[in-house]
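This report refers to the structure that appears directly beneath it.
The values are calculated or read from the model by the stated rules, or taken from the named source; none is laboratory data. Since the model is a prediction, treat every value here as computed from it, not as a measurement. Quick reminder, even Gly has a Cβ in these numbers, built from the backbone with ideal geometry, and neighbours come from all protein chains shown. All accessible areas refer to the heavy atoms of the entire protein, side chains included, with ligands and DNA or RNA removed. Shrake-Rupley method; radii C 1.70, N 1.55, O 1.52, S 1.80 Å.
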Amino acid sequence: MSQDPLYVTRPTLPPRDDIEDLLREVWDSRFLTNRGPILQRFEADLERYLNVPHVSLVANATLGCMVALRSLGADQGEIITPAFSFVATAHAARWLGHDIVFADINPKTLNLDPSDVERRITSRTRAILPVHCYANPCDVAALAEIGARYKIPVVYDGAHCFGASDQDGSLLRHGDLSVVSFHATKVFSTFEGGAIISHDIETKQALDRLCNYGIVDQTHIEALGLNAKMSEIHAALGLAQLPYVARDIENRAKVVRRYWDRLSKIPGIRCVCPPNREGQNYYSFPILVGANYPMSRDILYQKLQDAGIQARRYFYPLLTDLPMYRDASSDGLEAARTAAEQVLCLPLYPDLAPEDQDRVIACICDPCA
Ligand code: T4K
């Protein structure tokens, strides 16, 4: 069997020809950044594609989360967010000087547990920052109800969610604001990039200004903004990629169904994202390696590595175990800790060849071989 490296993900790229005309436009206009014509076209196309009210493009989702949180106000306080996430979620809030309050997750969905969020609200809570982990929808109704009752904004880290929906539309329409990533490792990519989704034009314009140092016009700077702008080249990559994303999601679905068919009945393995829910974007294929599997998650991880298969422990370590979060309380985070200790994301991308996928499946089905 091949030992060639198999990565957890690989970006798909639009045909080079598709980008040529857009690049010519950039060269002709010599507008390279600062809300140029291609970026404005990309924003309008995304608003249509996602069917969301307003899109503000940003350089990446980490800056997007920072800008979104900052738009709620400058005074520091506490941000409630899951302990089980990529570091960027908590880092974004910490960079703004907020204290991080980690809440536990629902062991089934691996998303924030709303009742644990409510338990951790104090007079210093400034926002709830949930993550739609692996693009599985959070309990949006419960979180919205808690946010409304305590008058606390809900800002979704929807980094994984491009193209994912629930019965009423894009997951990105939930919350006061939502942030999505267009990083190279995501379902839809502009190499680096992201967007903030907002619900009214005043908020969108305020977000756009915060992404541009807070500038209103040449003599008027209204806020302590930063530079979180997307360039024309990145926007062009997005415009060129958009016609292919539905096809990519269909191809991801085939890979996911194949994993599900082969792995979902293995004792000790739980596949977190069953393929039968409507509206998935098939961003990731996480499994949880339980106690009744013949080996631990870390031994399986190493076994896959030895076979050239770079499965990844998204998300491990638990954020409370990182040095910069050791001052945050780690009490009552049992479900998050278990997920961090058991999770393994398997290689998944639209053009993952069946014979390569079989290498992964064989290692997991017959771990002692
Ligand atoms: N919130 C959440 C919940 C997130 O998951 C993320 C990002 C963010 C916020 C922040 O979004 P951005 O600010 O990035 O827009 C990766 C990504 O860098 C990160 O974007 C992503 N989440 C996270 C889950 O994964 P690493 O350190 O694991 O990436 P890396 O470089 O090890 O790449 C993984 C594999 O992907 C490589 O082994 C090979 C493949 N790959 C990667 C890149 C960059 C390619 O084939 N081509 C590439 O260009 O963090």
Q: Could you point to the residue in Leu352, Ile197, Val58 farthest towards the positive end of the chain's charge dipole, with +1 and -1 charges on the Cβ of Lys/Arg and Asp/Glu respectively?
A: Leu352
Q. Toward the positive end of the charge dipole of the range 67-196, about the Cα centre and with charges on Cβ (Lys, Arg +1; Asp, Glu -1), which of Val154, Val117, Ala92 goes farthest?
A. Ala92
Q: Please provide three numbers in whole Å: the alpha-carbon extents of the range 68-208 along the principal axes, with the largest listed first.
A: 39, 36, 28
Q: Please give every one of the aspartates and glutamates within straight-line cross-link reach of Lys303, meaning a C-alpha to C-alpha distance under 14 Å, and leave out same-chain neighbours fewer than 8 residues apart.
A: Asp366
Q. In vacuo Debye scattering of the chain, one point per C-alpha: log10 I(q)/I(0) at q = 0.08, 0.10, 0.13 Å⁻¹?
A. -0.41, -0.64, -1.06
Q | Net charge over other residues, Cβ less than 14 angstrom from the Cβ of Asp75 (K, R count +1; D, E count -1) | A | +1
**Q.** Surrounding net charge for Tyr156, when Lys and Arg each add one and Asp and Glu each subtract one, Cβ distance under 13 Å
**A.** -3
**Q.** Between the range 240-275 and the range 320-369, the alpha-carbon center distance in angstrom
**A.** 16
Q. Say we join alpha carbon atoms closer than 10 Å with springs in a Gaussian network model of the chain; which of Arg149, Arg257, Arg35 then has the biggest fluctuation?
A. Arg149
Q: Using Cα pairs closer than 8 Å and at least 6 residues apart in sequence, work out the relative contact order for the chain, in percent.
A: 23
Q) Can you give the three extents of the C-alpha atoms in the range 245-365 along their principal axes, from longest to shortest, in whole Å? A) 45, 33, 24
Q | Hull-based mean projected area of the range 126-185, where the convex hull spans the alpha carbons, in square nanometres | A | 4.0
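What accessible area per residue, rounded to a whole number of Å², is obtained for the chain using a probe radius of 1.4 Å?
On a per-residue basis, the chain sits at 44 Å².
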(Q) Please report the net charge: other residues with Cβ closer than 14 Å to the Cβ of Tyr316, K and R +1, D and E -1. (A) +1
